[in-house]
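For reference, the structure is listed below as structure tokens.
The values are calculated or read from the model by the stated rules, or taken from the named source; none is laboratory data. Bear in mind that the values here come from a model prediction, so they are computed numbers and not experimental data. Don't worry about glycine lacking a Cβ; one is built from the backbone with ideal geometry, like all the others, and counts go over all protein chains shown.
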Amino acid sequence: MAARIAWSVVSQGLSSVTNFGLTAVLAVSVTTETLGRVAAVYSIYLLALTLSRALTTDALVAATDGLHRIDLSWHWARRRIVALAAAASAVAVAVGLVVEVPAGVLAAVAAATPALLLQDGMRNLAWANGRPAAATALDGIWLAVSLLGLAVAMSGSTGLTATPIVLVWAAGGVASWLVGRPLIERPLRAELPTEFRPELARFRPLAYSQAVMALAVNLGPVVVALALGPTMAGIVKAALLPITPVLSLFAGLRVVTLPALRRAVDQGTAAGATSMLVAGSSLVAAIGGFVSIQVVRSLPVDQVGQSIAQVAPHLAWIGLLGIMYVASQQLADATAIAGRHAVLGRRVFGVITEWGCLMVGASLGGIEGLVIGWVIGLGLATMAWLQPALQP
């Protein structure tokens, strides 16, 4: 278990640096309005990624845990990932046209989404099959290609714009997918084994719960861009910058926490295990958030973008947001794995509450109101599934 956690931290650390770097470079290179436009279409990719995990690989990871070979199920998952990616690309184009996303950014995200989702699926396949080094290699390739492309783009005489930044990020993901095909994907059985299906059916509440979470987290910039304008959407994206590494890290650590929660449920120790995971993850989120916030605060004033400068006075509230996001994720996963379908209704309530408070706060108090409203909304949402997650 310790080795698995260590590999997960390294692998997700590389992924976190890639995601953090994309947002950071955008935030210091483009206007807040442009950042908001890019965030709207990028959020469609993130939504598709989270839905892909929720509806395919999350259940496979939680269900296998050494009991079955997940590679038998790759074709089953791949068909669903490709269909979801095609739909996401179409939605990204539609949203991009409405919010006037730069054409190059829109083309890069829409064209690369299928490859990026398949890369993530193969990465989870490697994790569940006991091949963490292969998963880590894919994350490393994405980061290396992105850094190389960014260095080339920065060597030009003109300043960076949104299009080359997003292009090099997308190119890194596509390169990782191309390498992953011969490294991980092999001739596999086309159909899901019959004996495997009951295991997957057991985790439907987990899939539904995570799908709602995907809508809550990733549709935010789109909703804000459409309702309050791209500038406010850019502020939302910048507000997430200091806690992006923490959120990304815990998204990756689910390859460890999901099987652990499943074992705890099977052994009747779910409440204790959930309490330990929530406490531990909240502590790590607090430490990670503190470090990220100090990094942002240390940036010279003349080198930060408009969006970062506007959210800088509210970094303490933003750090609290990160802790609450991580805790709420652990609570919802535990409730869903226990098979409590009622968590879905609570999750829907949480989405409405979280984004309702955020929008009201932004309308009444600008940036400060947005951040405080966000914290209050997420706090109420977390309380909604605290009790069912900790019951025996």
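Counting only residues that are in a loop (DSSP other than H, G, I, E, B) and hydrophobic (A, V, I, L, M, F, W, C), region 276-300 holds 1 of them.
Val222: assigned to a helix (DSSP H, G or I) and modelled with pLDDT under 75, yes or no? When the stated conditions are applied, Val222 passes them. Scanning region 263-275 for residues that are among the small types (Gly, Ala, Ser) and assigned to a helix (DSSP H, G or I), we see that the one that is nearest to Thr244 (Cα to Cα) is Ser275. For the residues Gly322, Gly288, Gly361, the requirement of being at pLDDT 80 or above and in contact with a Pro (Cβ under 7 Å, 6 or more places away or on another chain) singles out Gly288.
Scanning region 1-55 for residues that are β-branched (Val, Ile, Thr) and within 11 Å of the chain's Cα centre (by Cα) gives a single hit, Thr50. No other residue among Ala270, Ala233, Ala264, Ala238 is buried (at least 19 other Cβ atoms within 10 Å of the Cβ), under 14 Å from Leu321 (Cβ atoms) and not charged (D, E, K, R) apart from Ala238. When Thr257, Thr194 are checked against the criterion of being modelled with pLDDT of 75 or more, among the β-branched types (Val, Ile, Thr) and over 30 Å from Gly305 (Cα atoms), a single residue qualifies: Thr257. Evaluation of Trp76 against the conditions (1) of a type outside the set (Asp, Glu); (2) modelled with pLDDT under 85; (3) under 20 Å from the mean Cα position of the chain (by Cα) shows that the sole unmet condition is (3).
Given the criteria over 24 Å from Val30 (Cβ atoms), in contact with a Pro (Cβ under 8 Å, 6 or more places away or on another chain) and either modelled with pLDDT under 80 or surrounded by fewer than 23 Cβ atoms within 10 Å (Cβ to Cβ) (or both), does Thr335 qualify? Yes: the conditions hold for Thr335. Give Gly252, Gly280, Gly268 a once-over and let me know the one that is of a type outside the set (S, T, N, Q) and modelled with pLDDT of 80 or more. From the options Gly252, Gly280, Gly268, the qualifying one is Gly280. Contact map, region 303-320: residues that are over 14 Å from Ile367 (Cβ atoms) paired with residues that are hydroxyl-bearing (Ser, Thr, Tyr), Cβ distance under 9 Å, separation 6+ or inter-chain. Pairs shown: Gly305/Ser29; Gly305/Thr31; Gly305/Thr32; Gly319/Ser292. Within region 355-372, can you find the residues that are farther than 15 Å from Trp317 by Cα and touching a residue at least 12 places away in the same chain (Cβ under 8 Å)? Result: Trp355, Gly356, Met359, Val360, Ser363.
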